[in-house]
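These notes are about the structure you will find just below.
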Amino acid sequence: MHRRLRQFRYTLLSAMLCLVVAPLSAAQDAVCTQVRVAGPESYPPFVWYNEPGPEVDGVGVSFVRRALEGMDIKVTSVKTSSWNRSLARGAAGEIDVLTALYKTDERSETMHFIGPYGAERTAVVSRAALGLEISHLRQLEGLYGGAAQGDSRGDFVEGELKNLNVIRAPHVRLLFAMLKAERLDYILVGEFSGLVRRDFNILEDPALKVDVLEEPTEGVYLAISRRSPCFETIRGHLEKRVILAKTSGRLEEMKREALARFRAGQEPAPPASKP
């Protein structure tokens, strides 16, 4: 009798749990109908903004789109006015995936990192008239430099910057303007995000000099906001997609394809034919 009663209670409890869990699971799936992706404005081949349209492109964006193919989830681009704002919106869950990001302990508190799927070194862009030959950040002591707000160069470089006179500006364009106006001696950027841009070509400017530090090399990651309603739904898909691209050798091909798209977008449009 007692055994049958226990079995009845167990069956009843199991049925009640099914009724509770199933709607919750369905509700969680229903919440994830859109994934919002963002990244730095000019960071080929990893990510960049197409202008004047709304799209964000690059290898990181391709990972998100391909990982979610066949799922009833819309992938949309988010363009923000500054990288610092992108980071804040990602931490708040207003952006689901940041498509190119350095990994730090502080960022890991609000973002889940996947990868790395790329690597980058730090570049020191200085005024050529100074005649600097930079191989280590400590050689910048006594000079006046700048870096973009929110643009962490990784834990090692950030530690070195504490001993330097470096200001933070809201946008890299402002930093280059200050450098050209001789208000700064140098600026720190990524070798991709700072050197390859649509609005100016640093490498061809005779007034500027670029030294790319050999060490350290930082990984470039995808990062999912821990506050995203899509976190559990998309995390596994993105991790599998990145691993597959790396092990299959497809990753380098994706980078070449992305650079080709970026460079094609830089070419001026042909003149319109006359009627």
- request: Return the subset of Lys209/Lys246; Lys79/Lys103; Lys74/Lys255 for which the Cα-Cα distance in this structure is over 26 Å, preserving the input order.
  value: Lys209/Lys246
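Report the GluC sites (Glu not before Pro) located in segment 31-99 that are in a DSSP loop and have at most 12 other Cβ atoms inside 10 Å of their Cβ, or state none. Present the calculation step by step, with values, prior to reporting the outcome.
Working: sites: Glu41, Glu55, Glu69, Glu94; in loops: Glu41, Glu55, Glu69, Glu94.
Qualifying residues, ordered by number: Glu55, Glu69.
Less than 12 Å Cβ to Cβ from Ala92, Lys/Arg counted +1 and Asp/Glu -1: what total charge do the surrounding residues give?
For residues surrounding Ala92, the net value is +3.
Is segment 100-210 rounded, prolate or oblate when judged by the Cα gyration tensor, a ≥ b ≥ c being the square roots of its eigenvalues, rounded requiring a/c under 1.5 and prolate requiring a/b larger than b/c? List each step's numbers first, then the result.
Numbers: a/c = 1.91, a/b = 1.49, b/c = 1.28.
Cα axes put segment 100-210 in the prolate bin.
For the pair Thr217 and Leu244, what calculated FRET efficiency results from E = 1/(1 + (r/R0)^6), where r is the Cβ-Cβ distance and R0 = 30 Å, to the nearest 0.05? Write down the numbers at each step before the final one.
On the way: r = 23 Å, r/R0 = 0.78.
It comes to 0.80.
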- prompt: What does the accessible area per residue of segment 211-266 come to in Å², with a 1.4 Å probe and no ligands, DNA or RNA counted?
  reply: 56 Å²
statement: For segment 47-98, using Cα atoms only, the Rg and Dmax in Å read 11.5, 33
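Counting each pair of different Cα atoms once, what's the Kirkwood radius of segment 45-164 in Å, rounded to one decimal?
Kirkwood radius, segment 45-164: 16.8 Å.
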- line: Rounded to the nearest whole number, the Stokes-Einstein translational diffusion coefficient of segment 135-176 at 20 °C and 1.002 mPa s (Kirkwood radius, C-alpha pairs) in µm²/s is 198 µm²/s
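Quantify how much of the Cα-Cα distance distribution of segment 88-128 extends past 11 Å, in percent.
Working: 576 of 820 pairs.
When every Cα pair of segment 88-128 is considered, 70 percent fall beyond 11 Å.
The values are calculated or read from the model by the stated rules, or taken from the named source; none is laboratory data. Predicted model, so just to flag it, every value in this text is computed and none were measured. Note that we place each Cβ from the backbone using ideal geometry, even for glycine, and neighbour counts take in every protein chain shown. Keep in mind that these areas ignore ligands, DNA and RNA; they rest on the heavy atoms of the full protein, side chains included. Shrake-Rupley method; radii C 1.70, N 1.55, O 1.52, S 1.80 Å.
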